[in-house]
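Computed from the coordinates by the stated procedures, all read-outs in this text should not be read as laboratory data. Just so it is clear, the structure is predicted and the values come from calculations on it, not from any experiment. Positions of Cβ are generated from backbone atoms using ideal geometry, with glycine treated the same way; all protein chains shown enter the neighbour counts.
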Amino acid sequence: MTDYTEQNRIHWNARTAINAVSADRYDIAGFKAGKSSLGPIEREELSDVAGKSLLHLQCHFGLDTLSWARLGAVVTGVDLSDEAIALAERLSQETGLDARFLCTDIYELPQVLDDKFDIIYTAGGVLFWLSDLDRWAKIIAHFLKPGGIFYLQEEHPFLNVFDDAADVTDLLTRYPYCHTKEPIQIEGLLPHSDPADNQRGTEYVWSYSFSDILNALIAAGLRLDYLHEFSYGSNRRFPFMTQGEDGQWRWKDSANQIPLTFSLQASKG
Ligand SMILES: C[S@@+](CC[C@H](N)C(=O)[O-])C[C@H]1O[C@@H](n2cnc3c(N)ncnc32)[C@H](O)[C@@H]1O
């Protein structure tokens, strides 16, 4: 594990404890009562999961993984954070939803997992943490069965250029759009933490352009089935956003047409 990965593991262990009690972002009580944590886009686009084997990359503490299990998928969740995986396993036991969880760096997955999957799913703030998207795409192709599908739903890559600190009041460009080999170091209050606690963290992230994402999948031998862009998303990425009755976040200024989310499906021939 590189130093950056180890730093990010420490960072995500701290965020796991915060996220586990942040009912607005991760509603564990609602989930235990039977609510799905999945958003409307993925529910509609990835509708046929019953009986299928599903590998969830960067599953955090597994709410989405277990929500797919509730819909009949045979699930395996993978994440770097040992605290997140421990919580995922507890949630699986408490809810009686069958799931396998593995704690590993995504880049080490081929050394710890042998199976092949009908579906590989990853969503909701994932690409940012990956140091090498070409290797990531090859790992996806490796774990897919022939005819299997990869589904990604992610924050729009163009958003990465803007400052998303807790105190910003408007769109200000701050970060590069294009990928840089060295990560961007971000320090500040941990998202969803209580500002009074002043819990701060350091994270290392990498920006990827849209063409980086698509070309990585194409170079790994996958065929792009569709690419969609949406003007809403399930995450409050910037403080100056507004939440609709459907629970989705949008720009306050409706003249701002920058997409917030994209989804894609790619298949292995
Ligand atoms: C924003 S969360 C994923 C969000 C997920 N959709 C959710 O809402 O629960 C990002 C996750 O990526 C994981 N992660 C970061 N780098 C990773 C790596 N190299 N290998 C595996 N997991 C990684 C983190 O531990 C974290 O749980």
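Partners of Lys268 within straight-line reach, counting lysines whose Cα lies under 25 Å from its Cα and excluding those fewer than 8 residues away in the same chain: Lys52, Lys116, Lys138, Lys145.
With the charge dipole of the chain set up from +1 on Lys and Arg Cβ and -1 on Asp and Glu Cβ about the Cα centre, the Cα lying farthest toward the positive end among the listed residues Asn160, Ala219, Ala23 is that of Ala219. Remark: segment 60-116 projects, on average over all directions, an area of 3.7 nm² (convex hull of Cα atoms). The H on the amide N of Phe117, modeled in the peptide plane, is under 5 Å from the matching H of Leu144, Lys145, each at least 5 residues off or on a different chain. Pairwise Cα distances in the chain exceed 35 Å in 10 percent of cases.
Secondary-structure-derived ellipticity at 222 nm for the chain, considering helices only, amounts to -8000 deg cm²/dmol, per-run term -39500 (n - 2.57) for DSSP H runs with n ≥ 4.
Taking every alpha-carbon pair under 8 Å whose residues sit at least 6 apart, segment 1-117 reaches a relative contact order of 24 percent. Using the charge dipole of the chain (Lys, Arg: +1 at Cβ; Asp, Glu: -1 at Cβ; taken about the Cα centre), state which of Ile149, Gly77, Leu133 has its Cα farthest towards the positive end. Projecting each Cα onto the dipole axis, the largest value belongs to Ile149. Sparse packing (at most 11 other Cβ atoms within 10 Å of the Cβ) combined with a DSSP loop state is found for the following trypsin sites (Lys or Arg not before Pro) in segment 125-231: Lys181. The dipole here belongs to segment 85-215: it is taken about the Cα centre, uses +1 on the Cβ of Lys and Arg and -1 on the Cβ of Asp and Glu, and is about 460 debye.
Return a whole-number percent for the relative contact order of the chain, with Cα pairs under 8 Å and 6 or more residues apart as the contact set.
18
Straight-line reach from Lys32: taking Cα to Cα under 17 Å and skipping same-chain neighbours fewer than 8 places apart, the aspartates and glutamates in range are Asp24, Asp64, Glu89, Glu94, Asp98. Each of Ser37, Ala123, Leu109 was placed along the dipole of segment 35-127 (beta-carbon charges, centred on the mean Cα), and the one lying farthest toward the positive end is Ser37. Mean sequence separation of contacting Cα pairs (under 8 Å, at least six apart), scaled by the length of segment 182-247, corresponds to a relative contact order of 22 percent.
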